[in-house]
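Values quoted throughout were computed directly from the atomic coordinates according to the rules given, and no laboratory measurement underlies them. What you see is a predicted model, and the numbers here were worked out from it, not measured in a lab. Cβ sites come from the backbone with ideal geometry, for glycine too, and all protein chains shown count toward neighbours.
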Amino acid sequence: MPTLPPVAHGTELALVGTASAPTWLSQRLESGQYPDTVAAFRAAREIFIEGQRIDMGRLATQLGIDRTSLFRWVGNRDSLLSEVLWSLAVPTLSQADRASAGRRGADRVVSVLTLFAENLITAGYFRSFLSREPARGLRLLTTKESEIQRRYVAVVEHLVHAELGEQPPDLAYLLVRISESFTYADLITGDAPSAERARAAFELVLRP
């Protein structure tokens, strides 16, 4: 049975997602040619991790520029937020992948997805963002128009193929929707988010 290749510097699995849905901003950040864009992005990321709202006007002031320049560097607020969110998902996915290194097959897939959901549920700065901006959060994280969802689906497709071989094309999307349903349950149904309930659902799908 094929297995997932070892993680390079803890980011290989998550980088599958980044490569699957590049954006104008992600390409600028990765090119090494736009130091102003990188500086603005890092400042926004720090604000987010501190549990504060990314306000484009305040961010521009902090950087000593006007709003027009900031938008030229990083695009609009949704684009910036999406890249900040994914930049935080990358190490979280990589951590889940490393923690599941001793597992194989469906057991590894279930472990990676469950640990990722658990980390999202318990990350204070992430939950603060969702409580401040629930509608925007769901739109940026859980819709087909979202680069974040497309990247997450690509990661899960890669993981499933590596551990289980060829599978139905919609399996990865189904697993992602299960993950979203239990990770954002408080916003979708009013229930408490639960990584354990997500695990049970993953198990049911992958090992009925």
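Worth pointing out:
- Once the range 116-153 is narrowed to residues that are among the small types (Gly, Ala, Ser) and in contact (Cβ under 8 Å) with a residue 60 or more places away in the chain, the residue that is nearest to Thr18 (Cα to Cα) is Ser146.
- Filtered by the rule that a residue be more than 20 Å from Leu159 (Cβ to Cβ) and within 17 Å of the chain's Cα centre (by Cα), the range 188-208 gives a lone residue, Pro193.
- In the range 67-113, the residue that is farthest from Ser179 (Cα to Cα) out of those that are among the β-branched types (Val, Ile, Thr) and under 14 Å from the mean Cα position of the chain (by Cα) is Val84.
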